[in-house]
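Worksheet: the structure to be examined is printed underneath.
The values are calculated or read from the model by the stated rules, or taken from the named source; none is laboratory data. Since this is a predicted model, take the numbers as computed values, not measurements. No Cβ is skipped: glycine too gets one built from the backbone with ideal geometry, and neighbour counts run over all protein chains shown.
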């Protein structure tokens, strides 16, 4: 049942992504990416990941607000179409190679619904489920993993956010150079 | 089958990043690629008849261990969503600044650099 | 001892968080804190050199938690990263004062980049590698666009798009590995790969990851971002990017994966050597045609990375020794060259070869150090570049691949040609648009900028001595870490 | 900035709804942060929700209102402070737990499960992350979407991208 639901949401997401990339109106393309994200959030909820569903939803909203306020409002003129022919061909060739790779691989993946953690009872995920509450005291095993077993990753994650915001502040500052020292490079 | 659909979504994002002229669409292509990878990770952790990996005081540990979905991909996806948000905000910042310099979001008109 | 390892990551992170809090009021604080931090990191990295350690974060044993692995290779990389970053911060103090604003963000981003590189070099966990790679990359995207000129922003955007596509590839590869083996620990994955062999998913996952790191290391079919990104950054950042960033998040993971995780195979050897040759030749040929000082240097980075990959890809201990030693040397002379280009820009305000000239008399320190670095990069004895190229060529001959050796010699000659162009136009002679009036005000850069130039030039001059001892010498432990087969790595990390 | 007869932001309906909802959304964010170790959520989504309260305020009332509550400088300080706090919690693990990121409180004194004050350092980390994320996302919204300082003819000028609407 859930397979069919998730599959139909995925088809919806693919259509939404195609619309987002191909439509000429920027506002509607941003909004269709929002729809893709919302569908993904529902998928997360269906497959037992409420933490991620909440996060995806709120991040989605925030990033849409930022995208619309920051970019769309400046320029609604529609620049559409693809880059030059050669690049397009190269990309299509690359995508074709990936498709071939994909069809070579995907029959080999574990069937949907049988996660790899079941292969051995020694796998870390099984350990987290069995002993997470006992060892960390957190009833939400995902939180236990994020902040205890793999807390170092979360430090990295917080740092990534910090870095990108510092970077954005640096990029957007008014006076970037003390004087016009370097002349134009052609 | 479901994984293949994820992979197609990934390729659509890749197509957007590499082929589109408009900076906003490149950003959207990037976002779609990240979505595809996140979704793949979460789906690969699902188990048939799975329940969220959250315990409450009434939970029976035996059934919990035999039914809960894999918590590790969820932790990874949380991190990767945040990284995606960081990259998105930096991209938007550069895009705004490029717009101020060039007055357009068209990347083919910004070809001062060769190579 | 073991807590030193985590300090290498935690100290720059803490300082990077701390500097924006107090740097707003006191303008000299970022300079001071930045330099103190990188110096402390250099001392710590020196203390870790040639040590072996495994650090379980949070006290969780290896596949459960994240593990940091210090061995010969990572300690060598740590030393390089922290040495060059100390030199670059020392150089930044005056350089930034004159040319750029917003020091506190600069130093903060710089330290974040260093922390990202240290973390990426130390980690023994795939996903953690991805996270720290992203920290280093995002900081470098922002630093490339730090000047906010149109070209710089464009270069930064290009770098950002290509770099994050590469990161997404890596993440997808990691996800495939997870869906196959249910683990993220590198040693654990190596263990599973050893047990069950490569099936189709592992092959595709490793291809995705390798392609991602090829992009990060800027090997030739994937190099499009580097010649734009590296010249656009401020000079100390160019020195960091070319000197250590492409090694710490490009070459190092490649070597680690190829040898310790996947296990080197004939196919991988032929891919790596051919990529090495292509990068070497195309990089140097493109460099010959450049008239922008820093852009020329950037193309040479591609070419020299070709040498490193050629050496590492040969698969023999001698080849790896040559590759690692060339990696070490390249970080010295290439960052020296970029710092030199920075001091030329600092004095003259331009980096076009046509507009410069006769700097040999006006800037003796800069011109001497550039000369030393140029000779070194072109492989002239007795400078360090000669020794590493010699080892690589000997390794090619030893592996009975004389064709590769011939290409390496040819690349070296072309390198010499393009560096004689720099000497001819900037330091000894003069370019077509050289302006005598403007040149009268040029003189040597301040003392604080001269110190890193002198230190690096000295190291270039005497760098050959690090080769003494060969496989038992200082570089040898890095080779040891790579050639010992993956069983040793697995048992070191996992204890099985 | 604003003239007397003009006001910024959205229509009256939105403003009224925002006035009603902002407290609830904020509280929900705080709840998500504090109960991250017991129920779905955690520092990160909670922080985003807290940030979106201020985003909502900005969108409906204009930037003066929200910047009055949480200034850009203060947000930046909170951002750094949250990150430092998280690092500090992690580093304290070295002192008491022997390694970086060890859950020293839980090791020393195991807590009652399913209780708000349980799970050792995890709630502390959640609070630090929530603070950091909330402040930094609000800041990124402000700098990307609301305020732009531009250099025009050599002078700094503030440019807002806010819509203005005439008051009746």
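Just a few scattered comments:
- In this entry, residue C:44 passes the filter for residues that are modelled with pLDDT of 85 or more, within 24 Å of residue C:477 (Cα to Cα) and surrounded by fewer than 24 Cβ atoms within 10 Å (Cβ to Cβ).
- The residues of the range A:96-147 that are over 25 Å from the mean Cα position of the chain (by Cα), at the interface with another protein chain (Cβ under 7 Å from one of its Cβ atoms) and in a loop (DSSP other than H, G, I, E, B), listed by number, are A:119, A:123, A:137, A:138, A:139.
- Test: residue in the range C:130-140 that is farther than 16 Å from residue B:86 by Cβ and either touching a residue at least 24 places away in the same chain (Cβ under 8 Å) or facing chain A (nearest Cβ under 7 Å) (or both): no
- 2 or more residues crowded, with 21+ Cβ neighbours inside 10 Å, under 15 Å from the mean Cα position of the chain (by Cα) and modelled with pLDDT under 85: qualifying helices (runs of 4 or more DSSP H) within the range D:1-79: D:43-61
- When residue A:76 is tested against (1) at pLDDT 75 or above; (2) within 14 Å of chain D (Cβ to nearest Cβ); (3) in a loop (DSSP other than H, G, I, E, B), only condition (1) is not met.
- Across the range B:39-46, not a single residue is classified as more than 22 Å from the chain's Cα centre (by Cα), more than 7 Å from chain A (Cβ to nearest Cβ) and over 28 Å from residue D:132 (Cβ atoms).
- Pairs linking a residue in the range D:19-40 that is within 18 Å of residue A:138 (Cα to Cα) to a residue that is assigned to a loop (DSSP other than H, G, I, E, B), with Cβ atoms under 6 Å and 6 or more positions apart or on different chains, are D:32/D:41; D:36/D:42; D:37/A:138; D:37/D:119; D:38/A:139.
- Residue within the range B:49-67 that is assigned to a helix (DSSP H, G or I), buried (at least 24 other Cβ atoms within 10 Å of the Cβ) and facing chain A (nearest Cβ under 7 Å) present: no
- Counting only helices (runs of 4 or more DSSP H) that sit completely within the range C:273-363, those holding 1 or more residues that are over 26 Å from residue C:93 (Cα atoms) correspond to C:293-313, C:317-348.
- Qualifying position, being more than 7 Å from chain A (Cβ to nearest Cβ) and surrounded by 24 or more Cβ atoms within 10 Å (Cβ to Cβ), among B:90, B:76: B:76
- Test: residue in the range C:478-486 that is free of Cβ contacts under 8 Å to residues at least 12 places away in the same chain, part of a helix (DSSP H, G or I) and surrounded by fewer than 18 Cβ atoms within 10 Å (Cβ to Cβ): no
- Residue match in the range B:17-33 (condition: crowded, with 24+ Cβ neighbours inside 10 Å, part of a loop (DSSP other than H, G, I, E, B) and in contact with a helix residue (DSSP H, G or I) (Cβ under 9 Å, 6 or more places away or on another chain)): no
- Residue B:84 being within 18 Å of the chain's Cα centre (by Cα), in a helix (DSSP H, G or I) and more than 7 Å from every other protein chain (Cβ to nearest Cβ): yes
- The criterion of at least 2 residues that are without any contact (Cβ under 8 Å) to a residue 24 or more places away in the chain and surrounded by fewer than 24 Cβ atoms within 10 Å (Cβ to Cβ) is met, among helices (runs of 4 or more DSSP H) falling completely within the range C:181-234, by C:186-196, C:200-217.
- None of D:166, D:99, D:161 is at pLDDT below 80, within 30 Å of residue B:81 (Cβ to Cβ) and surrounded by fewer than 16 Cβ atoms within 10 Å (Cβ to Cβ) except D:161.
- Within the range C:220-241, the set of residues being more than 14 Å from every other protein chain (Cβ to nearest Cβ) and either within 18 Å of residue C:164 (Cβ to Cβ) or at pLDDT below 90 (or both) comprises C:241 only.
- Residue in the range C:88-106 that is free of Cβ contacts under 8 Å to residues at least 12 places away in the same chain, surrounded by fewer than 24 Cβ atoms within 10 Å (Cβ to Cβ), over 22 Å from the mean Cα position of the chain (by Cα) and in a helix (DSSP H, G or I) present: yes
- Subset tally (residues that are at pLDDT 85 or above and part of a loop (DSSP other than H, G, I, E, B)) for the range A:1-39: 0
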